[in-house]
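To start, the structure itself, in structure tokens.
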Amino acid sequence: MSTDDFDTLAPGDEELLAGLHRSVAGAALTAGTADVVALGRRMRNRRRAVVAGIGTSAAAIVAAIGVLAPSAGTGTGGGRDLTIQDAGFTMREHSDGTVFLTVDQAFSPTLLQAALDKAGVPSAVLVEQLPAGWDATRPIQCKDTAAVHAPPMPVSGIGLAVVDGRTEYRITKSAVPAGQFVTLVQFRGRPGTVWDSFGLRTGRQSTCEPEYYPDPKPAA
Amino acid sequence: MDRGSEDFAAFYERHRDPCFRAVLAAVADRHLAEELTAEAFARAWAHWRKVARHPAPAAWVVRTALNTHVSWWRRRRREVAWDAAGAGAAERAPADGDATAVGPVVRDALRRLPMRQREVVVLRVFLDLDTRSTAAALGLAPGTVQAHLHRAMKALRAELEDENEREELKR
């Protein structure tokens with residue numbers, strides 16, 4: 001790295017900069033060009049779908065709920081292994097009681113709620129249209145109230161992972177404490193922008209007053 | 001493959017690792033850095049006509065990745081990583097080639113810098129952009145970039161000195 005146009009370099013700065021460089025030396029990104037292009041294509045298509053107003057059809061909703069019936073299970077290892085998809089979200093339930101969920105930018109909260117109810121996940125699913133002027137590219141959450149608020153401690157077994165470039169919510173049903181609900185709120189802003197807020201809430205969210213997440217505290 | 005795709009592929013091959021290292025230095029979590037960097041490149045592909053005209057497309061990628069990280073961090077505050085033990089190990093594990101004492105301390109300090117200072121450091125140090133290019137990439141005046149860098153270096157230096165003092169006291 002050239003330090004020619006550094007304004008001032010104090011004693012030890014060269015070592016400091018070299019240390020930073022060494023700390024990540026040799027690290028390489030594993031994704032290939034094709035992976036990145038495929039992810040980019042999916043992003044672009046999702047954005048176009050939302051802008052075009054493509055939603056979830058009633059037929060798809062009915063079909064998806066039907067698939068969740070126990071008789072539709074494919075069964076692995078003596079338990080259920082169910083998948084629903086093509087209805088604005090994809091949900092898989094493994095035989096060990098873990099639910100894997102991904103949602104698109106346009107999904108029906110009614111359908112998803114029904115699917116989660118059917119799977120026995122204590123949950124609340126809401127879609128909130130943000131007022132004009134709100135920016136759904138910024139993190140947004142529902143304001144805490146006396147009845148519905150963030151739990152005091154995070155719970156192991158409720159989380160998310162990124163799979164093939166998409167956020168996948170993972171829910172262990174038995175990990176949801178009594179009185180708490182897996183809560184997914186999708187805030188929709190101007191066309192093409194949404195913010196999904198996911199986590200456990202104490203109390204069942206039925207209405208939501210949006211607020212931006214507070215800015216992180218500046219470094220001391 | 002059309003011309004735009006060829007351009008993007010060449011850009012990706014040339015900048016993927018430097019961008020990844022810049023993001024890795026800033027977030028210190030290999031898996032997260034991979035996801036953020038890949039997603040930022042995917043966004044670059046989706047907006048390639050615009051990004052290709054950016055004064056420093058690699059800087060655009062790193063900034064996008066770091067901005068996405070802020071969102072992640074905020075969203076994950078109430079959540080736990082799926083594999084808590086594994087994620088913790090990833091967080092603590094040193095990056096490849098880190099055989100220096102200065103690495104972890106400075107990396108932690110880097111993560112605590114205000115966003116703008118951190119952006120300036122990763123663009124200047126890891127993408128090797130000069131002041132003028134960094135300023136163009138961030139939409140700042142060159143003097144402002146220098147000021148941010150000066151403050152960042154001062155903070156990093158102070159962290160290192162504090163750590164050295166703590167080490168001295170232990171002995």
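No lab work stands behind these numbers, since they all come straight from the coordinates. Given the structure is predicted, the values throughout are model-derived calculations rather than measurements. Every residue, glycine among them, receives a Cβ derived from its backbone with ideal geometry; neighbour counts consider all protein chains shown.
Sorting B:127-136, A:24-33, A:193-202 by average packing, meaning the other beta carbons within 10 Å per residue, from highest down gives A:193-202, B:127-136, A:24-33. Peptide B:34-47 is shielded by partner chain Cβ atoms: per residue, an average of 6 of them sit within 10 Å of its Cβ. Working ranking of peptides B:116-122, A:119-125 by packing, defined as the average number of other Cβ atoms within 10 Å per residue, highest first, is B:116-122, A:119-125. Determine which lysines satisfy two conditions relative to B:K154: a Cα distance under 22 Å, and not lying fewer than 8 residues away in the same chain. Within reach: A:K217.
Taking only the C-alpha atoms of region B:8-67, Rg followed by Dmax gives 10.5, 31 Å.
Among the residues of A:10-21, the average count of other protein chain beta-carbon atoms within 10 Å of the residue beta-carbon is 6. Inter-chain neighbour count for A:198-204: the average number of beta-carbon atoms from partner chains within 10 Å of each residue's beta-carbon is 2.
Specify whether the C-alpha gyration tensor of region B:115-171 places it in the rounded, prolate or oblate class, a ≥ b ≥ c being the square roots of the eigenvalues: rounded for a/c under 1.5, otherwise prolate if a/b is larger than b/c and oblate if not. In terms of gyration-tensor shape, prolate.
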